[in-house]
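Note sheet for the following structure.
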Amino acid sequence: MKPIQSLLLALVCALLFGVNGFSQSTPQAFTGAQIIPISGEPINNGVLIIEDGKITAVGNENTRIPRGADVHDMSGKVIMPGLVDTHSHIGDGDGGDRSATLHPDVRIMDSINPRSESFKRALAGGITSVNVMPGSGHLMSGQTVYLKLRKANTIEDMLIYLDDEKTIYGGLKMANGTNPRGNPPSPGTRAKAASMVRDLYIKAQEYKAKVAAADGDESKMPPRDIGMETLVEVLEGKRIVHNHTHTHQDILTTIRLAEEFGYRLVLQHVSEAWKVADEIAASSNVVGSSIITLDSFGGKVEAKDIRNSNGKYLEDAGELVGFHTDDGITDSRLFLRSAAMGVREGMSREAALEAVTIANAVMMDIDERVGSFEEGKDADLIILNGDPFSVYTHVEQTWIEGQKVWDRTNEEDRKYATGGYQIYPGQIHSHHEEGGLK
Amino acid sequence: MRTLKSLILIPALLLAFSFSTEAQIAVKGETVYTMAGNPISNGVVLIKDGKIERVGSASRVNIPSNYEVYEAKVVTPGLIDAHSVVGLAGHLNVDADQDQLETSNPIQPELRAIDAYNAREALVGHLRDHGITTVHTGHGPGALISGQTMITKTTGKTVDENLIHPSKMLAFTLGNNISGAFSKPGTRAKAIAMMRQELIKAQAYLDKRNSDEDYSKDLGMEALADLLEGKMTALVTVHRAHDIMSAIRLQEEFGFPMVLDGVAEAYLIIDEIKERGYSVIIHPSMIRPGGDAKNASMETAAKLYEAGIPIAFQSGFEGYVPKTRVVLFEAGVAAANGLGMENALKVLTIDAAELLGIDDRVGSLEAGKDADIAMFDGDPLEYITNVTGVIINGEKVK
């Protein structure tokens, strides 16, 4: 090729591929690192190939590196899938208001600020997919949203769609125990709370039956009810219920309701899981348990018996278990710490690693796309400078769908990891003040 | 009983007593961080009658046969939480167990921590189980002066049993962290005006106390007079840089001893803090970046340490979950953000003891000091390391 042609080609390339610095079609090869694929044993001196935002190969040092690939020497580093958080309050969103305690119609999607600094906090902690939920001050505070933390101008840029029609991109938040209790319209007791939920699901069953009876005939369809439509998605198993629950009896009530109506359930927090781990594992309606790590028990009566060994108890019972940040209860920047504390309390390394990746992906119905390094999955990965469970390890880079979205060597990014002057606006989601009804 | 028999019985009882309740202990560690010199590989700590008897390498220290032997991978002095509210702020977080903040008046220096401390509170045990053997606790942030603090070991059935100091500091708060329950202050400037007025009153009270004049005793004024005389220290919880400067202005006007607490924006005014010689009880490394602490950095501990400012770690006050933090964990995150492991261990032990003025008793493993020891199965600061044993005053408490 003549020099002038090369120059022109380079110019065209630069124009085409713009600010990203490399072509989406140029394969990226990461070599030299310990690769933790989650889908298999860690690979020392492994090779990870990504292209067009997808993983195309993962293997040992003999893995073929495509011609023309950008090769990143990651010797001494650890590479694992981007972390998945099943319960967070980043994004400055909200849910239902004081007018009711059951809000199946409300979407947190309609309130989230895609420019929120809190998303940077999550990227700094290696989180790439997240279930952002409205609070626990209602029996049903609204629809949750599954987000990929891509560079985004609009919330639509971040959504993870679960269906081809792009109508479902989250679960449904429910809560029991003391948080949703209060004066009417809130329930005043546990039994009242359960009866209100049952009543609503019975209405949803009737709505579903009417839709089925119409058999596609528009004139026979019931009037559109967006709350009912959401609950039908739940009853049909297309939308998972994420149920905030702490004490052992509340956990069992949560399961009882899911079994009565046949919906799929993720238990959230599950502070007393250690008391009923076998009962949790025995229910086929429970997709998994999403637990939190806390530096002490207490802070509320319901959390007086919480144990950081919940992960071990659930693992031993054969139950799918994941960790969540509940950011701002725990900090997204330290999400790996939650899993490490599970190991401290007896969980296996393998289960703890899964509990921040593939297990959480399963609990969000996105495990075919994220949560492990397998050919065809999204190229979401994090690069660490040491063991994932060491306090001394930092997340160095976070990649989403083949794009580097956070880099600790870049001062503009690094500051979101350490904190400092005028980096965060100071608004942290506080459960203490949440709950539209209190 | 005849005199002769009694005479024989007494020494027999004494002998039995000294062997049964004052068991002597030897702690062996693959690494022993004494905080008085370099770490010792294969070290031994001998404990007798609740005090440290001898510390040294296993090759030099013989363990007497009647000593109970414990072994650990890593041995450190008992850890020190330099500012907490455990024992006053109970774990259930209901009205009945929250005694860290009285909201009837924004200035109440007369409130003593010893009158509220619950030695059996579950969170005290929680800290103890994490190797924390000494805690500086008491009234919390949220009032201009919320009350007094105390220093205690983290064991004992009553507050008196292992108290080190009954009224160490007065808890001040400046900035936006003052409870909304008070009708005033409503602004920063009003807060300082109220504090100045109260301290001027205390100066006059102190003059009277030091004269031969009769005066009627006032508990609050007594505490502030003690502060002005240097018998107590102001523990000023403050985060924003301009509020820290207000604290300094107040201290310089009245000349009382002061320790800065929290100080999220300390990195903006390191020189101002250092040149005046203040010590800092740094906010938890994992503090949420919100409210007055929104500009907190995980690297502040390292920056202050490098500048030569004396620092200690705190669990601080938590209004929700978790109800207390754990300085062992906060130290780990500080270590990973520039401070380093050995410095962090030093801050957790001897530096904290010096800052609190209790280094004659705790903070290092040296002969004659209290036998407070933490044992670990690895690097104490690592997430996956467990505390395998805790000894307080020569007694195995975990």
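Computed from the coordinates by the stated procedures, all read-outs in this text should not be read as laboratory data. Keep in mind that what you see is a predicted model, and the values were worked out from it rather than measured. In this analysis, Cβ positions are derived from the backbone assuming ideal geometry, glycine residues included, and neighbour counts consider all displayed protein chains.
Report the charge-dipole magnitude of segment A:288-438 in Debye, nearest 20, computed about the Cα centre from +1 at each Lys and Arg Cβ and -1 at each Asp and Glu Cβ. List each step's numbers first, then the result.
On the way: 15 positive and 28 negative charges, 123 e Å.
For segment A:288-438, the charge dipole is close to 600 debye.
Could you tally the net charge around A:ILE36, taking each other residue with its Cβ under 12 Å from the Cβ of A:ILE36, Lys/Arg +1 and Asp/Glu -1?
Values: positive: A:LYS77, A:ARG349; negative: A:GLU41, A:GLU350, A:GLU354, A:ASP387.
Within the 12 Å Cβ shell, the charges total -2.
What's the exposure ranking of A:VAL405, A:VAL211, B:VAL326, going from fewest to most Cβ atoms within 10 Å?
Values: A:VAL405 20, A:VAL211 16, B:VAL326 24.
Placing the least packed residue first, the sequence is A:VAL211, A:VAL405, B:VAL326.
Quick one: which residues, 5 or more positions from A:VAL356 or on another chain, have an amide H under 5 Å from its amide H? H modelled 1.01 Å from N in the peptide plane, none for Pro or chain starts.
A:PHE323
In a Debye calculation with equal point scatterers on the alpha-carbon sites of segment B:79-362 and no solvent, what is log10 I(q)/I(0) at q = 0.13 Å⁻¹?
-0.82
Provide the per-residue ³J(HN,Hα) series for segment A:277-291, in order, calculated from phi with Karplus coefficients 6.51, -1.76, 1.60 and θ = phi - 60°, each as a whole number of Hz, with x at glycine and proline positions.
For segment A:277-291, the Karplus curve yields 4, 5, 5, 5, 5, 6, 8, 6, 7, 7, 6, x, 10, 10, 10 Hz.
Going by C-beta contacts inside 10 Å, put A:PHE119, B:PHE182 in order with the fewest on the left.
Details: A:PHE119 29, B:PHE182 17.
Final ranking by Cβ density, sparse to dense: B:PHE182, A:PHE119.
About the Cα centre, and with charges only on the beta carbon of Lys, Arg (+1) and Asp, Glu (-1), how big is the dipole of segment B:79-362? Nearest 20 debye, please. Walk me through the numbers before you get to the answer.
Numbers: 26 positive and 38 negative charges, 111 e Å.
Taking the Cα centre of segment B:79-362 as origin, the dipole is about 540 debye.
Consider just the alpha-carbon atoms of the protein assembly as shown and return their Rg together with their Dmax, both in angstrom.
Values for the protein assembly as shown (Cα only, Rg and Dmax): 29.7, 121 Å.
Extending each Cα 7 Å along its Cβ direction at B:ARG120 and B:ASN66, get the distance between those two points in nm, one decimal.
3.4
Taking the square root of 5 times each eigenvalue of the Cα gyration tensor, what semi-axes in Å does the equivalent ellipsoid of chain A have, largest first?
On the way: eigenvalues 300, 130, 83 Å².
They are 39, 25, 20 Å, listed from largest to smallest.
So if R0 is 35 Å, what FRET efficiency would A:GLN422 and B:GLN197 give, r being the distance between their Cβ atoms, rounded to the nearest 0.05? Walk me through the numbers before you get to the answer.
Values: r = 34 Å, r/R0 = 0.97.
With a Förster radius of 35 Å, E is 0.55.
Give me A:SER75, A:SER141, B:SER65 ranked fewest to most by other Cβ atoms within 10 Å of their Cβ, as a rough exposure proxy. Each step should come with its number before you reach the end.
On the way: A:SER75 9, A:SER141 32, B:SER65 5.
Fewest-to-most Cβ neighbours within 10 Å comes out as B:SER65, A:SER75, A:SER141.
Measuring from centroid to centroid over Cα atoms, what is the spacing of segment B:195-212 and segment B:249-271 in Å?
That distance is 23 Å.
Amide H to amide H, which residues 5 or more places from A:LYS54 or on other chains are under 5 Å from it, using H placed in the peptide plane?
Counting only residues 5 or more places away or on other chains, the set is A:ALA379.
For the pair A:GLU350 and A:GLU368, how long in nm is the line joining their label points, each one 7 Å along Cα→Cβ?
Those two pseudo-labels are separated by 2.6 nm.
If R₀ is 41 angstrom, what is the calculated FRET efficiency for the pair B:GLU161 and B:GLU252, using the beta carbon separation as r and rounding to 0.05?
On the way: r = 39 Å, r/R0 = 0.96.
Result of the calculation: an efficiency of 0.55.
When Lys and Arg each count +1 and Asp and Glu each count -1, what net charge do the other residues less than 13 Å away from B:ILE311, Cβ to Cβ, add up to?
Working: positive: B:LYS274, B:LYS303, B:LYS346; negative: B:ASP261, B:GLU299, B:GLU306, B:GLU330, B:ASP351, B:GLU354.
With Lys, Arg at +1 and Asp, Glu at -1, the neighbours total -3.
Between B:MET245 and A:GLN205, what's the calculated FRET efficiency when r is the beta-carbon distance and R0 is 56 Å? Round to 0.05.
On the way: r = 64 Å, r/R0 = 1.15.
Here the calculated transfer efficiency is 0.30.
Evaluate the distance, in nm, between pseudo-label points positioned 7 Å from the Cα of B:LYS51 and of A:THR178 along their respective Cα→Cβ axes.
The modelled label-to-label distance comes out at 4.7 nm.
Relative to the first principal axis of the alpha-carbon coordinates of chain B, what is the inclination of helix B:3-20, with its axis defined by its Cα atoms, in degrees from 0 to 90 and to the nearest 10?
With both axes taken from Cα atoms, the answer is about 70 degrees.
Could you check what % of the DSSP bridge pairs in segment B:79-362 are antiparallel, to the nearest 5?
30
Counting partner chain Cβ atoms within 10 Å of every residue's Cβ in B:102-112, what's the average? Before the final figure, lay out the partial values.
Numbers: counts 0, 0, 0, 0, 0, 0, 0, 0, 0, 0, 0.
Mean shielding by partner chains, rounded to a whole number: 0.
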